[in-house]
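Step one of this worksheet: look at the structure below.
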Amino acid sequence: MEFNYSDEHRMLGETLNRFFAEKYTSQLRESIENSAQGYNLDVWNELCELGMLGALLTEQQGGFGGMGEDINILFQELGKVAANEPLLSAGILGLRLAAELKQESLVDEIMQGDKQITLAHFEPESRYEIDVIKSQATPTEKGFRINGKKSMVYGAENCDQFFISAKIGDSKKIAIFLIKKIVKGLTLSTRKLNDGKIVSDVLMSNIEVSSSSLILDDAFDILQKLFSLACLALSAEALGAMKSSKNLTVEYMKERKQFSRPLSAFQVIQHRCVEMVIEIEQLDASLIQAANDISFAIHSNQNDDWKQAFISTASAKYLSGVTGKLISEESVQLHGGIGMTWEYPLGHFVKRIIMNNHQFGDSDYHLKQHIKMLKAELV
Amino acid sequence: MEFNYSDEHRMLGETLNRFFAEKYTSQLRESIENSAQGYNLDVWNELCELGMLGALLTEQQGGFGGMGEDINILFQELGKVAANEPLLSAGILGLRLAAELKQESLVDEIMQGDKQITLAHFEPESRYEIDVIKSQATPTEKGFRINGKKSMVYGAENCDQFFISAKIGDSKKIAIFLIKKIVKGLTLSTRKLNDGKIVSDVLMSNIEVSSSSLILDDAFDILQKLFSLACLALSAEALGAMKSSKNLTVEYMKERKQFSRPLSAFQVIQHRCVEMVIEIEQLDASLIQAANDISFAIHSNQNDDWKQAFISTASAKYLSGVTGKLISEESVQLHGGIGMTWEYPLGHFVKRIIMNNHQFGDSDYHLKQHIKMLKAELV
Amino acid sequence: MDLQYNQDELTFQQEVRLFLKNNLPENLSQKVKLGLELEKSDFDQWHTILNTQGWLASHWPEKYGGTNWSSIERHIFEEECCFAFAPRIIPFGISMLAPVVIAFGTEQQKQHFLPRILNGEDWWCQGFSEPGAGSDLASLKTKAVLENGEYIVNGQKTWTTLGQYANWIFCLVRTSSDGKPQTGISFLLIDLSSPGIEMKPIKLLDGSYEVNEVFFQDVRVPVGNIIGEENKGWDYAKYLLTYERTNIAGVGASFVALKQLKVLASKIKQGNSYLIDEYSFASKLADIEIRLTAMKVMNLKVLSLVQSGKAPGVESSILKIKGTEIQQQINDLTRQAMGPYAPTSISEFNNDFVLEQSNLYDDDNSLFQLGSKASSKYLNNRKLSIFGGSNEIQKTIIAKQLLNF
Amino acid sequence: MDLQYNQDELTFQQEVRLFLKNNLPENLSQKVKLGLELEKSDFDQWHTILNTQGWLASHWPEKYGGTNWSSIERHIFEEECCFAFAPRIIPFGISMLAPVVIAFGTEQQKQHFLPRILNGEDWWCQGFSEPGAGSDLASLKTKAVLENGEYIVNGQKTWTTLGQYANWIFCLVRTSSDGKPQTGISFLLIDLSSPGIEMKPIKLLDGSYEVNEVFFQDVRVPVGNIIGEENKGWDYAKYLLTYERTNIAGVGASFVALKQLKVLASKIKQGNSYLIDEYSFASKLADIEIRLTAMKVMNLKVLSLVQSGKAPGVESSILKIKGTEIQQQINDLTRQAMGPYAPTSISEFNNDFVLEQSNLYDDDNSLFQLGSKASSKYLNNRKLSIFGGSNEIQKTIIAKQLLNF
């Protein structure tokens, strides 16, 4: 057993911490709010130049990380400044998926920062279920005709191509296609989110694609593993934002006076801050376990180890939802009015924490997954 | 709308309050702990002489109350001293049921304090479900042969007769029989509870009864209504005990000093006491609603009104479980060590509160009932 | 004890329902139903309709234009307005300032200000909070110095709700620094068109604008604009804060919001079933419903106190805490109900477009709409437990007043 | 970062498992498994077995009879003992007094007391708390006055766990009332057979006896029984309280209790299905499991701190809070699982009868047995968050030490 991070992992965290601390000024955030991309292009390019995308791929895939710990560290740093750069949508759902699907040339292009892709998977009726997919790919002479609708595709407008999921004919398997953004029959309906990010509906109406667009005809296993990485990433990002929220709150309690004493002198404030600290510690521990189990499963690639990794990531995502609600609400409440304002940084963290709970399954969803696995184990 | 209690109801509460405050000394409680009956015979006889059993019957049934408000008031007073007298088992499940089943002569005997009866209904596998009944009554030449097992029958040992539920032959209906305690094939296995009460398993092995023992062949409706009275009674009793727990706690916080200040000067203690007060207020309100709806349904005897009464009592029983857990745990925690001791009265209230949650459905059970009714309403 | 309305109360309820059916404009009720932002003209329109009927300021004495409704009747009116999706009555003039003017104002102040509140000529806002004062109101620093029959006011107020619509503000200002902080405060009425006043909007974390900062630089206020005596303003403010808080729990509005949430949950698909079929969701919904029903009774209890002439004390604090908790829980659960659609931003949508949707819940676009509102509302309503005396302050008040801690 | 045990650790784990398999008597493990009360002779039996193996006081220095296990190895040992249903090692002598004697005692005290702790000649109990002192330890009043080479002790101690089995007690006593309350306290070892001592049991709300009051009236204690210097006892007590708290969270025991609860829930009938199929129940179970798994990692983090030579500070407080919360939640849920059987009283049952049941969960009688234990245990374990420094005190410590509040 070794509880400390390796030098490489420590460096990854420190590098990102310094980088984001320097970049994420309030001006930068204002510029992002008004940007078309939903993030800052310069920051993204520098991240690519620093080679940070390599942290998302294993050595075999051409990166230098790609393990649970890398994702945990990277996304916590993102969360600590509530950064908007698309390391989930273009990084994990784009780059990592391309690598898992062995699309080497695509991986190279993305790594060089030349293009972005992402995955359009969930649909209006999926809610959080991976396998509720109604998009249809009908075989044609030259390839396939695709119809369907994909919901809430983060950063879609910034991509050149999409991986999209669909079922071929009567098959129940989920196939993955690679399609261009600009193609007849594809419409994006894009809006901006509370936190400045952009999101699109993708309408696919009789899109004609060649047979080479079909990348994999049964992608469920790959998607399930990929989504466990996404859950870890979202939980870690939320945790980073929780740490920042908690720190802001603790500091403000010391500064702010009421009834002639700093708020931090009030016992109720003390206990409530301590409860925040403890819950954050607990979540941190849960993420360490999930990251560990994912790494172990990637190394061994045994089914049982992946099962354990799914349990651990479901646990972590559940706990990040529950803890996140507590930290957000308590941070705002303890701040009082100032915590409600746009200008004060707390709101950005709170929004990131809360909204991450709405991607790839909220706490109810993941608790249910945990219960299913718990019951399977008892039989 | 009239929010105040009538003079009669106010007097009922005041009379009982005075009566119990005088009787329930620590000596009395010690004598109950060591008694065979699980309550004090003198107190019970005096209650009967005072005519308090009449509060459990409507005027038509020969009483002077029998409405939701009467039960709410009566059982809260019982709970305030954590009294052990069998107003639920012998009162509602015995006397009131006898009245509902129109057993006038039985009612008279019970009212005069000459005998006690109760209902043996739930079985090992019922948990909290009214209709999971496996006891069998097989028709014979002279009447019926009954087999089955009844669990956790409160105060059974003190009764002369039981109402028991069973299914006749292949029928799915729940029938009610009146049987003697001392009869061939019936065995009681009796134990004492944490709070001094006694409870029995009732084993029925080839009991032969005459056909006149069958009182009603389809008693589901009567039982459902009776159990809603029982739920109100248990919730009210728990509420009474919560009020006493809270009062003990509030007073102790003022007396007890730590770090040279009374505990009541600590802000965390203040807020936690106030949270107890608020939750108790909320439960009180919920019981007022349930009592009101039960009274309304008794008056109108319309199905829709009973449905509303079932929803309200499920709500109240749910809330009394949830609130009870909070009040018990917080009362003990805020007291510290002293709250853990047998000698200090708090423990009696805590045990009554917690254990009431385990009769006639706990909070999970009643929340589920509420959800069923909520969904039925949406369809 | 009888929680059912009696015959007179039922008759009154019918009267209110009929009035709302005939007089509440559909453009207003639709906006309220969909949770859209109401503009000044919307509120003005509704105030005018109510004033015409004589029901705008129902709790005022009849001689100033009020009704003589019982507190139960006022409750029925408020409840029916909620169920009909009527806009709320803006309280600053009608329910906050007016009672103070009626109780402590001069005859001239009453004659001048009360009719203007009723007919909409004046829109009032509140100037109590200051930056750095928060729930510790008595520590306020905005100063008013008497010079030649005028107060010269300097300082800053904040969290002034809907100040952007107002032409008058009632303020607590410091007129003396002797003695306890509470004793040197006066209650001043200030015309917002006076030179030296600047009203600056505060953007909230959900992107909405509804509160403001107000800056006063050498603002001259006629001495006749003071309420009651100088340095007694704290008493008047306390009167204002305890007066007319029977609707503080927002029971009616919460019942409506819960009902909407139930319908939503029975329409949102979750794989092959509906959200309402998920025990995790349904149990939270049921828990809220049970607590809300209890709160309805707690509210009735306070009404009956008021009816019998008692002023609610800590009861208001309890209702404030429970009422805001429940509203926030409903907001939270509505956000959760939206699932992946919850994060959608408010700014992208067009009110007119939403109103065109014939059935609120029938297509993805309206889901987006509701999602947008749900998470903005969740974020925005975190304020409920902070403003109006934070829930922590309320608990401390209850500990002192009820438990004698 | 790697949470898996390495090869050496796995080998050690196998060694411990083999030892337990061969040496843990079944009569003991059965009692532990069924949650029955253990007697003095049970503890003595197990202590002797461990001492023969040299594993009783694993954290002591080797020269006094300890092992040189790493903190991970100690953790593995504790975990395996839990999984095998071994009795707990009674901490008063081995883990509380001994470290103090080793750090601050005279050579003579070490030579005399340490072997007697190991071989079971002495059973120690703790005399810190006093009536009226609670978590405010420094306010203690029990007095010791030096007279002719003996301390004369007068006063009262309380909450002395398993004092009924003890022949010695270590006490904090006041030897001076100058200066701050903490500065006048001494650490005294007292033979319980000395004249003037009375040990009185305290009955707890579940009917159990495990804590006691101890009365001292003119009890004469040789001056050689003081630890370290007079008036420095507070420092030694603090050392004791922070020493060896890595197992404070009770992770192993909680995993075992949770596992038992899961089996129970999959056997308890609920109409035609099982309790585990109820979402309301399963969700609470899953929530606890998730938090317990996280606590396991938090515990490992502290172990790794200890391994690298750092003494855990606030980390122990966090583990104490979380550990007791989780144990109480498991107790609470076990009680809930028992449904109508939960209120059964403990006093009616016969231990031998329970042990005869071949399958724990197969018939109603054993359900009764478990029900009995479940609600007694729930009630009894409310103490966990009170004793050993209440969870409120722990929070205040964390606020001061970690947040600098």
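The values are calculated or read from the model by the stated rules, or taken from the named source; none is laboratory data. Values in this document were obtained by computation on a predicted structure and should not be read as measured data. Here the Cβ positions follow ideal geometry from the backbone for every residue, glycine too, while neighbour counts run over all protein chains shown.
Some points to look at:
- Enumeration of residues in the range D:1-49 that are free of Cβ contacts under 8 Å to residues at least 12 places away in the same chain and within 14 Å of chain A (Cβ to nearest Cβ): D:Met1, D:Asp2, D:Gln4, D:Asn6, D:Gln7, D:Asp8, D:Leu10, D:Thr11
- One residue stands out among those in the range A:298-352 that are under 13 Å from A:Glu279 (Cβ atoms) and at the interface with chain C (Cβ under 8 Å from one of its Cβ atoms): the one that is surrounded by the fewest Cβ atoms within 10 Å (Cβ to Cβ), which is A:Lys325.
- Test result for B:Ser212, crowded, with 16+ Cβ neighbours inside 10 Å and of a type in the set (Ser, Thr, Tyr): no
Table: residues versus (1) without any contact (Cβ under 8 Å) to a residue 24 or more places away in the chain; (2) of a type in the set (D, E, K, R).
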| position | (1), (2) |
| --- | --- |
| A:Gln302 | yes, no |
| A:Lys307 | no, yes |
| A:Thr313 | no, no |
| A:Lys317 | no, yes |
| A:Thr323 | no, no |
| A:Ile327 | no, no |
| A:Pro345 | no, no |
| A:His348 | no, no |
| A:Ile353 | no, no |
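Let's see how each residue does on (1) touching a strand residue (DSSP E or B) at 6+ places or on another chain (Cβ under 6 Å); (2) buried (at least 19 other Cβ atoms within 10 Å of the Cβ); (3) under 24 Å from B:Ile71 (Cβ atoms); (4) outside the structural domain of B:Met355 (by TED's automatic domain parsing):
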residue: B:Pro139; (1), (2), (3), (4): no, no, no, yes
residue: B:Asp170; (1), (2), (3), (4): no, no, no, yes
residue: B:Lys173; (1), (2), (3), (4): no, no, no, yes
residue: B:Lys184; (1), (2), (3), (4): no, no, no, yes
residue: B:Thr187; (1), (2), (3), (4): yes, no, no, yes
residue: B:Thr190; (1), (2), (3), (4): yes, no, no, yes
residue: B:Phe227; (1), (2), (3), (4): no, yes, yes, no
residue: B:Ala230; (1), (2), (3), (4): no, yes, yes, no
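- Which numbered condition A:Leu53 misses (of (1) surrounded by fewer than 16 Cβ atoms within 10 Å (Cβ to Cβ); (2) away from chain D (no Cβ under 14 Å)): (1)
- Test for B:Asn45: is it among the polar types (S, T, N, Q), part of a helix (DSSP H, G or I) and either in contact with a helix residue (DSSP H, G or I) (Cβ under 7 Å, 6 or more places away or on another chain) or on the phi > 0 side of the Ramachandran plot (or both): no
- The criterion of being under 28 Å from B:His335 (Cα atoms), among the polar types (S, T, N, Q) and within 14 Å of chain B (Cβ to nearest Cβ) does not hold for D:Ser254.
Conditions tested, residue by residue: (1) more than 18 Å from the chain's Cα centre (by Cα); (2) surrounded by 20 or more Cβ atoms within 10 Å (Cβ to Cβ); (3) on the phi > 0 side of the Ramachandran plot; (4) not assigned by TED's automatic domain parsing to the domain that holds C:Thr183.
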position	(1), (2), (3), (4)
C:Ile226	yes, yes, no, no
C:Leu261	yes, yes, no, yes
C:Ile276	yes, yes, no, yes
C:Leu305	yes, no, no, yes
C:Gly313	yes, no, no, yes
C:Thr324	no, yes, no, yes
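- Residues in the range C:376-404 that are hydrophobic (A, V, I, L, M, F, W, C) and over 24 Å from C:Leu333 (Cβ atoms): C:Ile393, C:Ile397, C:Ile398, C:Ala399, C:Leu402, C:Leu403.
- Restricting attention to the range B:54-113, the residues that are among the hydroxyl-bearing types (Ser, Thr, Tyr) and closer than 22 Å to B:Phe177 by Cβ add up to 2.
- C:Lys157 modelled with pLDDT under 95 and under 25 Å from the mean Cα position of the chain (by Cα): no
- Among the conditions (1) touching a His at 6+ places or on another chain (Cβ under 7 Å); (2) farther than 30 Å from A:Thr58 by Cβ, the only one that A:Ser165 does not satisfy is (2).
- Residue check: A:Ala83 meets all listed conditions (1) buried (at least 21 other Cβ atoms within 10 Å of the Cβ); (2) in contact with a His (Cβ under 8 Å, 6 or more places away or on another chain) but one, namely (2).
- Every pair of residues 6+ apart whose Cβ atoms lie under 9 Å, when the first sits in the range C:387-400 and is without any contact (Cβ under 8 Å) to a residue 60 or more places away in the chain while the second is aliphatic (A, V, I, L, M): C:Thr396/A:Val268; C:Thr396/B:Val274; C:Ala399/B:Ile269; C:Ala399/B:Val274; C:Ala399/B:Val277
- No other residue among D:Gln126, D:Gln111, D:Gln164, D:Gln156 is more than 27 Å from D:Gly179 (Cα to Cα) and either touching a residue at least 24 places away in the same chain (Cβ under 8 Å) or of a type in the set (Gly, Ala, Ser) (or both) apart from D:Gln164.
- Check on D:Ile276, facing another protein chain (nearest Cβ under 8 Å), touching a helix residue (DSSP H, G or I) at 6+ places or on another chain (Cβ under 9 Å) and modelled with pLDDT under 95: yes
- Positions within the range C:307-339 being within 11 Å of chain B (Cβ to nearest Cβ) and in a helix (DSSP H, G or I), in sequence order: C:Gln307, C:Val314, C:Glu315, C:Ser317, C:Ile318, C:Leu319, C:Lys320, C:Ile321, C:Lys322, C:Glu325, C:Ile326
- Checking the stated criteria, D:Leu241 turns out not to satisfy the condition of being surrounded by 16 or more Cβ atoms within 10 Å (Cβ to Cβ), within 30 Å of D:Lys33 (Cα to Cα) and within 21 Å of the chain's Cα centre (by Cα).
- Residue match in the range B:126-148 (condition: more than 14 Å from chain D (Cβ to nearest Cβ), modelled with pLDDT under 90 and out of contact with any Leu (no Cβ under 9 Å at 6 or more places or on another chain)): no
- All of A:Ser315, A:Ser295, A:Ser245, A:Ser300 fail the test of being within 18 Å of the chain's Cα centre (by Cα), farther than 18 Å from D:Lys296 by Cα and in the same structural domain as A:Cys231 (by TED's automatic domain parsing), apart from A:Ser295.
- Residues located in the range B:112-153, provided they are closer than 19 Å to B:Leu88 by Cβ, among the β-branched types (Val, Ile, Thr) and assigned to a strand (DSSP E or B): B:Ile117, B:Thr118, B:Val153
- Restricting attention to the range C:200-222, the residues that are touching a Leu at 6+ places or on another chain (Cβ under 7 Å) and either assigned by TED's automatic domain parsing to the domain that holds C:Gln329 or surrounded by fewer than 20 Cβ atoms within 10 Å (Cβ to Cβ) (or both) add up to 1.
- Residue within the range B:303-316 that is on the phi < 0 side of the Ramachandran plot, touching a helix residue (DSSP H, G or I) at 6+ places or on another chain (Cβ under 8 Å) and among the charged types (D, E, K, R) present: yes
- A:Lys254 surrounded by fewer than 22 Cβ atoms within 10 Å (Cβ to Cβ) and either closer than 30 Å to C:Thr158 by Cβ or in contact with a His (Cβ under 9 Å, 6 or more places away or on another chain) (or both): yes
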